[in-house]
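Here's the structure we're looking at; comments come further down.
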Ligand SMILES: Nc1ncnc2c1ncn2[C@@H]1O[C@H](COP(=O)(O)OP(=O)(O)OP(=O)(O)O)[C@@H](O)[C@H]1O
Ligand SMILES: [Mg+2]
């Protein structure tokens, strides 16, 4: 079903620990949303270490850095991926992007807001860790996906990320994706363990996004730079990412308009107000 208004739902993908599957979750969820009939845009928000374009085997002339340095317009930067999903590629190995100041992030998101009216869904790959870039991009989203693997250190970092977003940015809805599981029951157990901790220490219930199996086909597709090919959709991992997308969209549809999907720009100001003026 199509959206009725012209502001996209913003879904951010985060993790705490690196290398757990954020980028694969981002691209596969974006393609699932597009398949469900929602015109979808990906923002590669892993600023400075970007790789959405690489996992999809795409190569563009410009990236976000060219926009920020006035060499290109954002529309010139857009790449077209599988099923017609659009991608805003970031740059890799560019200090300026990795260490963006609040004012530059606002400038970037303002530009994204200008073109976002053409889309129903915006999915942001926000990178690992809890840097200001990561926290800011997650603070502007309507739905926050947290990806973890079953490993204890990945879970500890996922909890640390949730704690910061909850305590400092007032986020209460976290959709958890347990990636690289060996069985459905392992995924459920890991989700339960994380929920027990957030319930106990943050008085917070988590939302189950799904368990994505570890699959050699996924590893191969990454090597071939085809991380979101049609054949991935038919694997159990692909089906799990579809299901996670369906769940989060159902959740967003049920939310009252005033609580979510209120647009990037308006949310920027609430973020700005929470930061000290010195951060500018
Ligand atoms: N479900 C899966 N099955 C098999 N391998 C997987 C799966 N998910 C992720 N991987 C492997 O993990 C690697 C890292 O995935 P991805 O790049 O999505 O992680 P990331 O969280 O974005 O990493 P980074 O923090 O470095 O950006 C992939 O290259 C792939 O080899
Ligand atoms: Mg990544």
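Taken together, the values in this text are just the output of simple stated rules run on the coordinates, not laboratory data. Remember, it's a predicted structure, so these values are computed and weren't measured experimentally. Note that we place each Cβ from the backbone using ideal geometry, even for glycine, and neighbour counts take in every protein chain shown.
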Original post:
Most exposed first by the Cβ proxy, i.e. fewest other Cβ within 10 Å, how do 113, 254 rank?
Top reply: 254, 113
Subject >> Relative contact order for region 156-239, counting Cα pairs under 8 Å that sit 6 or more residues apart, in percent >> reply: 29 percent
**OP:** Could you calculate the contour length gain from residue 168 to residue 69, that is, 0.36 nm times the residue separation minus the distance between their Cα atoms, to one decimal place in nm?
**Re:** 32.5 nm
Original post:
How much length is gained on full extension from residue 250 to residue 193, taking 0.36 nm per residue of separation minus their Cα-Cα distance?
Top reply: 18.1 nm
**OP:** Report, as a whole number in µm² per second, the diffusion coefficient that Stokes-Einstein gives for region 100-145 at 25 °C and 0.890 mPa s using the Kirkwood radius over alpha carbon pairs.
**Re:** 215 µm²/s
Original post:
Roughly how many nanometres apart are two label points built 7 Å out from the Cα toward the Cβ at residue 118 and residue 243?
Top reply: 3.5 nm
Subject >> region 96-229: Rg to Rh, with Rh as the Kirkwood radius over Cα pairs >> reply: 1.00
Original post:
How are the C-alpha pair distances of region 17-104 spread across 5 Å bins, as whole percents from the shortest bin up?
Top reply: 3, 15, 24, 24, 18, 12, 4, 0
Subject >> Dimensionless Rg/Rh of the chain - Kirkwood Rh, Rg from C-alpha atoms >> reply: 0.93
Original post:
Got the relative contact order for the chain handy, in percent, Cα pairs under 8 Å and 6 or more residues apart?
Top reply: 26 percent
**OP:** Select from 82, 152, 213 the residue whose mean-square fluctuation is largest in a Gaussian network model of the chain (Cα-Cα springs shorter than 10 Å).
**Re:** 152
Subject >> Estimated inter-spin distance, residue 36 and residue 223, nm [label 7 Å along Cα→Cβ] >> reply: 3.3 nm
Original post:
Hey, fewest Cβ within 10 Å first, where do 149, 25 land in order?
Top reply: 149, 25
**OP:** Express in % the proportion of alpha carbon pairs of region 126-172 at distances exceeding 17 Å.
**Re:** 26 percent
Original post:
Taking only DSSP H segments of four or more residues, each worth -39500 (n - 2.57), what value at 222 nm results for the chain once the sum is divided by all its residues, to the nearest 500 deg cm²/dmol?
Top reply: -14000 deg cm²/dmol
Original post:
Tell me, 12, 92 in order of fewest to most beta-carbon neighbours within 10 Å?
Top reply: 92, 12
Original post:
Which peptide among 182-191, 216-225, 52-61 comes first, and what is the full order, when sorted by highest mean count of other Cβ atoms within 10 Å?
Top reply: 52-61, 182-191, 216-225
Subject >> Translational diffusion of region 152-252, µm² s⁻¹ [Kirkwood Rh, Cα pairs; Stokes-Einstein; 20 °C; 1.002 mPa s] >> reply: 146 µm²/s
**OP:** Tell me the label-point distance for the pair residue 184, residue 78, using the 7 Å Cα-to-Cβ offset, in nm and rounded to one decimal.
**Re:** 3.9 nm
